[in-house]
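The values are calculated or read from the model by the stated rules, or taken from the named source; none is laboratory data. This structure is a prediction, so every number in the text was calculated from the model and none was measured. Cβ coordinates were reconstructed from backbone atoms using ideal geometry, including for glycine residues, and neighbour counts include every protein chain displayed.
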Amino acid sequence: MTATTTMPAMPVGDAADSGPESFAEFFERGWKKAYCFALHLVGEREQAMDITQEAYLRLHERWASRDPAREPTAWLYSVIRNLAIDHLRRRARRQEAEIDQALLRSPAAGPDKAAEQSELAERLWAAIRSLPAEQREILLLRDWHGLDYGQIAEVLGLSLGTVSSRLHHAREKVREQMRRYL
């Protein structure tokens, strides 16, 4: 059975069309990446879709009152992260091993895709999974989702220096583990 990921159309009203970028444009530009981020956090397609929809609805409700000079991606990722944490708490499955697996599960995971993955890719993901959660999350936000340091700091509520330091240490640990394979 093949599951497709289709985000239904988001409501667009007067508030959604104000500012330098309309809500509809923002939604179209980023919903797939936002969904993947939610999927990395919760590990379940349906729950990730629900979280992504809820996050966009919350942004839509407040779109007209946002600061149009600020790029809203960090705001969106913060909402998704908070909703995912709430979801994980409700599930009462906050053990570290289960969160590790949920954060790193591929959005296109399935028997066919798993069979196609190279040994090197598997080792890279193993190296990423072995990172402490705070380093792994920053590495994924920067290198997988493309957020800049300021956006990551805003999403996680950290200083720029902390983001920079954790990202540096995460990359060094992954590089060290991958040296024997490269």
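Tabulated values for the structure
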quantity: Verdict on ILE152 being aliphatic (A, V, I, L, M) and at pLDDT 75 or above; calculated: yes
quantity: Hey, VAL12 hydrophobic (A, V, I, L, M, F, W, C) and modelled with pLDDT under 55 or not; calculated: yes
quantity: Within segment 128-142, tally of residues that are modelled with pLDDT of 85 or more and surrounded by fewer than 17 Cβ atoms within 10 Å (Cβ to Cβ); calculated: 3
quantity: Matching residues in segment 24-44 - criterion: being more than 8 Å from the chain's Cα centre (by Cα) and either touching a residue at least 40 places away in the same chain (Cβ under 8 Å) or surrounded by fewer than 18 Cβ atoms within 10 Å (Cβ to Cβ) (or both); calculated: ALA24, GLU25, PHE26, GLU28, ARG29, GLY30, LYS32, VAL42, GLY43, GLU44
quantity: Helices (runs of 4 or more DSSP H) contained in segment 39-119 and holding at least 3 residues within 21 Å of ALA133 (Cα to Cα), touching an Asp or Glu at 6+ places or on another chain (Cβ under 7 Å) and modelled with pLDDT of 50 or more; calculated: 73-91
quantity: Those residues of segment 126-144 which are over 9 Å from ARG166 (Cβ atoms) and of a type in the set (S, T, N, Q), in sequence order; calculated: SER130
